[in-house]
Amino acid sequence: MSDELLLRSRAAEGPLLEVQDLHVHFAGRGRLFGPTPPPVKAVNGVSFTIDAQRTFGLVGESGSGKSTVARAILQLVDIHAGTIRLAGDDVTKVPRRDELAFRKRVQAVLQDPFSSLNQTHQTRTIVGDGITRHFGLKAGEQRDERVGRLLDDVGLSREYLDRYPYEMSGGQRQRVSIARALAVEPQLIIADEATSALDVSIQSQVINVLREIQRSSGVAFLFIAHDLEVVRHVSDDVGVMYLGSLVEQGDADGIYEGPTHPYTEMLIASIPVPNPTVQAGRRALRQSFDNDAEPPSPANLPPGCPFENRCPVAMDICREEVPAAVAAHHGGRVQCHLHTSGPELGGESVVEFITKEARTLT
Amino acid sequence: MTESQLPSEPSGDASPAKPDSPRRRFWRRMFRNPLGVFSMIWFAILIVAWIWPELLATHDPFKQDVTLQRLYEGPSGDHWLGTDQFGRDFYSRVIHGAGLAFRSIIIAMTIAVGVGVPLGLFSGWRGGRLDRAIMWVNDVFFSLPIILLAMAVIIILNPSLDNAMIGVGIAMSTRFTRLTRAVTLQEKEELYVDSARITGLSTRTILSRYIAPNLMSSLIVQAAIISGAIILIGATLSFLGIGSSLDDPDWGVMLNRGRELFRVHGVWQIVPPGGALILTVLAFNLLGDAIRDAIGRDASNNALTITKRVSVAPASTSHAEGDDVVLSVRDMDVEFPGTDGRISQVLEGVSLDVRAGETLGVVGESGSGKSMTMLSALGLTPAPGRMTRGSVQFDGRDVTNLSEGEWQQIRGKDVGIIFQEPIAVLNPAIKVGKQIMEPLMIHMDMNRDEARARAAELLAEVRVPDPERRLDQYPHEFSGGMAQRVGIAMALACEPKLLIADEPSTALDVTVQGQILDLMAEVQQRRNMAIILITHDLGVIAEAADRVLVMYGGQVMETASAGDVFFNPKHPYSKALLDTMPQNHSGEGALAVIPGVVPSATAWPAGCRFAPRCAHAIDDCVTTMPPLEQVESDMVRCLRHGTDLVLADPAEADA
Ligand SMILES: Nc1ncnc2c1ncn2[C@@H]1O[C@H](COP(=O)(O)OP(=O)(O)OP(=O)(O)O)[C@@H](O)[C@H]1O
Ligand code: SF4
Ligand code: SF4
Ligand SMILES: [Mg+2]
């Protein structure tokens, strides 16, 4: 199975997933009388690609639009503008008759392992439903055997075949979710906060399972999480979202070692490290450039850079113009005026500049 | 891939105990509820009366007393419930009336459910304009009097109870449409429905196999209550003379006759049919309530029904000395009566101290007892749990056996609590200012103006910009970070000596998390307050805690200064937790894991509770429970502490 997948994805030249200038708006909910409020621009021109067998990590605070990107790819919300391609095929809006074929190619593991499983079904049904739907294998011994093999893959014993979700722990439920996604042998799995609800110790178990599966089956992942360390650990490439925009994206290690966007730098500096001595220093750095401003509402975006009111190094131009994406040193792209105006960093890391600026500010 | 490469989940011992199945739990609860039992018995009788009336009836319900001797009688040995105006046996007529009542329910319900549920499913799932149109028509019908609809049907067809019930069914279908649509709309947004769509299941499958079963419980409750209403309506129609024929043993008809006659022949004439009617309607409503209660979710952690403390065994160790000790707990046990009689011991021998100006960090996996420790220490053990042993001192005073009233005084004023989901604590319908002002007016004896001024000060203190304006806003107008600031302001309102923060920053972005932690530290310094910070993030502990309490399986495994826990952990569990953090992972390869899962609280291992997952376990660990021992200024619960083994790599150490 895995060989066939490899061949299929290699045959298609170019990236497996290509998201281009994606916009998703949610209509404002108006009163019966009175003006309709402006739409919430949840995703505002996001572009990125994922190659076969690679993992793209998406980070950002809650409400920044990460899940909406996932839901747009999964055809669960209406797309306002932009295109999505899967191995070259346009899947922006999959027509009904092609939906089954599309579902076979893209699967998901969702955040909350409890509410994403149907409480009234046993594991054999939860995982087996997709097999029946996509491979026509009816419920029975043969299908159970196949579900059993998937349970092996995610490290659960076959005893779990007849467990209900409420009879399993969070980590076990999340493994069942992964087995369900794997059951249809997809090319892409979208993991939306798939490990966030789990304890650290269980989280590392699940992450190991995901990586092992990628190695053996060649599936690509879109891995969404707000925990930057986890994302760094699992991802080849990383994208950072803020208020519906992908403000920076590129090679994972490159970004963590040399962020080119002030927000990315702030995120990385804010990760608390489990070491009191080191953390004391990091705290001082974080405090030196943080302020208490609140991010603007996505229904009422500022005319310039969305990060402007929290940015420690904002310039005049930032209030007026939305920064365009420019090439960054880590091979990706960044949307920040610092690279073309002011210090003209030209796609290099902002760490040094911000640290220096922040010192002079305090 | 081979098995060995994967962190696999052992079955059996490490998996949580299989809980009661929902079906068994449902029946257990139904039979425990006296009102539920009453209604079930009543229905058992009615159902027999309906299916096999001859079994219960003593007379032919239509047989008149031709001698005209025994009319309008009261109860007697022969006629248990007396006789009516034709000398017919009341008891037998009431019994036979049950069949008519059920017939009405079946006709009306078939139509109500048959029309209402599919319409509601369709409308809710489709959404959009069609949904609005359907609901508009539905609402029009909903607002028409039910009797009117029944009359309309009788006029079109011809007068009979059955035809009237068709009208009632149509009227009642609007209730089912509404309910079904509401549930469908809600379930449609649930992740498991998304998952089913992502799997590629068809709409029909999703509606029938995913949404319908979840609808069932609300439908059954609704159906029970509506059945009662249908009987009442049937009786009303008969009473008005447009339902059953005058001869039928219909409860409504009988009631009507009785009403006409009771001036002359005494009140007894309305008792048998009226009683049957009232009891049946009541039984339907009670049944509905009982089902709702039996289906209801388990009392969850946050259900703060507090149990009385009965016979708390004393602690065997003494409290910490010193004026600055704010909260001191010794040897606290907390138990819950489990299902099938097993006791679940969620806390065992928990001891802790917090001093003024100090932050105690509490870490441990989910279910290790972190939240329960705090709740129980503050007299908030959720029912049916109870503290069975231990001693608690707050601010130098023994508070182990305080009444709930006395506790409320202390908690309201001297303890502030911050929760994980700030928005969940705020009432969405009330302006934020009012919610901050309330405790100030209750506990600090302030009047409105003073409270408002203080509330604005508090918001300013937690650095919410533009506090005056913010006071008049509703919670949904606050971002997550700002809402948490409001949560902190509320917790600080009455100048508490102790602030408890249960995962205060877990739901927030790291940058905002930093701001919240800074804010807590700042306020603590200004007020010399004690803080207990519960979190599963060791990074947060590293930043904010002075001392650390590591919990596992309802026990304290280690308490030590933050420095010791991070640089010199004495307990294998502390070490294992540190190792699993991605930050502590060097290079490529799989992350370190703690194999298995936390055992269930009803089935702790006999020896060390961490033994099944511990890389350093020896034979003794499986049989002997390690005591919590003092080691220098720290406490450790491990048989092998001090042997230095735990600090080294287990593979090397045991080699
Ligand atoms: N109402 C209840 N009835 C029975 N057991 C309960 C109840 N509430 C909690 N428990 C049990 O008490 C134990 C400790 O729970 P607690 O909520 O303190 O854990 P925690 O460490 O705070 O976990 P988390 O990190 O998930 O918040 C668990 O085994 C839990 O299942
Ligand atoms: S564009 Fe300006 S405001 Fe935005 S991040 Fe860059 S420097 Fe800061
Ligand atoms: S007592 Fe034994 S099993 Fe328990 S933590 Fe110590 S070494 Fe591990
Ligand atoms: Mg908790």
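The values are calculated or read from the model by the stated rules, or taken from the named source; none is laboratory data. From a predicted model like this one, the values you see are computed outputs, not experimental measurements. Reconstructed Cβ throughout: ideal geometry from the backbone, glycine too, with neighbour counts over all protein chains shown.
Here residue A:298 does not qualify as within 10 Å of ligand 2 (Cβ to nearest atom), more than 7 Å from chain B (Cβ to nearest Cβ) and not basic (Lys, Arg).
A Cβ distance below 9 Å, combined with a sequence gap of six or more or placement on separate chains, defines the contacts here; from the stretch B:205-217, residues that are among the charged types (D, E, K, R) reach residues that are crowded, with 20+ Cβ neighbours inside 10 Å in the pairs B:209/A:118; B:209/A:129; B:209/B:196; B:209/B:201. When the stretch B:610-627 is filtered for residues that are surrounded by 17 or more Cβ atoms within 10 Å (Cβ to Cβ) and either among the β-branched types (Val, Ile, Thr) or more than 8 Å from ligand 3 (Cβ to nearest atom) (or both), the ones remaining, listed by number, are B:612, B:613, B:625.
Just one of the numbered conditions (1) within 16 Å of ligand 2 (Cβ to nearest atom); (2) part of a loop (DSSP other than H, G, I, E, B); (3) within 12 Å of chain B (Cβ to nearest Cβ) is not true of residue A:323: (3). Going residue by residue through the stretch A:112-120, is there one that turns out to be assigned by TED's automatic domain parsing to the domain that holds residue A:187, assigned to a helix (DSSP H, G or I) and farther than 17 Å from residue B:201 by Cβ? No.
Screening the stretch B:364-384 for residues that are within 6 Å of ligand 1 (Cβ to nearest atom) and not hydroxyl-bearing (Ser, Thr, Tyr) and picking the one that is farthest from the other protein chains (Cβ to nearest Cβ) gives B:382.
When residues in the stretch B:377-419 are screened for being of a type in the set (Lys, Arg), touching a strand residue (DSSP E or B) at 6+ places or on another chain (Cβ under 7 Å) and farther than 19 Å from residue B:353 by Cα, 1 of them pass.
Scan B:263, B:292 and give me the residue that is more than 16 Å from ligand 2 (Cβ to nearest atom), more than 14 Å from chain A (Cβ to nearest Cβ), at pLDDT 75 or above and more than 17 Å from residue B:235 (Cα to Cα). From the options B:263, B:292, the qualifying one is B:292. When residues in the stretch A:265-319 are screened for being within 23 Å of residue A:24 (Cα to Cα) and not hydroxyl-bearing (Ser, Thr, Tyr), 14 of them pass. Counting only helices (runs of 4 or more DSSP H) wholly contained in the stretch B:151-248, the ones carrying 2 or more residues that are acidic (Asp, Glu) occupy B:161-188. When each of A:195, A:264 is tested for being under 20 Å from residue B:537 (Cβ atoms), β-branched (Val, Ile, Thr) and within 11 Å of another protein chain (Cβ to nearest Cβ), the lone residue that passes is A:195.
Helices (runs of 4 or more DSSP H) fully within the stretch B:511-609 that include at least 1 residues being facing chain A (nearest Cβ under 7 Å) and either farther than 29 Å from residue B:486 by Cβ or within 14 Å of ligand 3 (Cβ to nearest atom) (or both): B:562-567, B:572-580. Taken over the stretch B:48-70, the criterion of being assigned to a loop (DSSP other than H, G, I, E, B) and touching a Lys or Arg at 6+ places or on another chain (Cβ under 9 Å) is satisfied by B:57, B:59, B:60, B:61, B:62, B:63, B:64, B:65. Determine if the stretch B:350-363 includes at least one residue that is within 16 Å of ligand 3 (Cβ to nearest atom) and in the same structural domain as residue B:503 (by TED's automatic domain parsing). Within the stretch B:350-363, one or more residues are within 16 Å of ligand 3 (Cβ to nearest atom) and in the same structural domain as residue B:503 (by TED's automatic domain parsing).
Regarding residue B:469, is this residue more than 16 Å from ligand 2 (Cβ to nearest atom), more than 23 Å from residue B:497 (Cα to Cα), within 14 Å of chain A (Cβ to nearest Cβ) and at pLDDT 80 or above? Considered against the rule, which asks whether it is more than 16 Å from ligand 2 (Cβ to nearest atom), more than 23 Å from residue B:497 (Cα to Cα), within 14 Å of chain A (Cβ to nearest Cβ) and at pLDDT 80 or above, residue B:469 comes out as yes.
Taking the listed residues B:377, B:383, the one that is assigned by TED's automatic domain parsing to the domain that holds residue B:361, among the aliphatic types (A, V, I, L, M) and surrounded by fewer than 19 Cβ atoms within 10 Å (Cβ to Cβ) is B:383, with no other qualifying. Of all the criteria given as (1) assigned to a strand (DSSP E or B); (2) within 25 Å of residue B:595 (Cα to Cα); (3) not aliphatic (A, V, I, L, M), the one not satisfied by residue A:232 is (1). Scanning the stretch B:76-99 for residues that are among the hydrophobic types (A, V, I, L, M, F, W, C) and in contact (Cβ under 8 Å) with a residue 40 or more places away in the chain, which turns out farthest from residue B:251 (Cα to Cα)? My answer is B:81.
Of A:209, A:247, A:230, A:238, all but one fail to be aliphatic (A, V, I, L, M), crowded, with 23+ Cβ neighbours inside 10 Å, within 9 Å of chain B (Cβ to nearest Cβ) and under 15 Å from the mean Cα position of the chain (by Cα); the exception is A:230.
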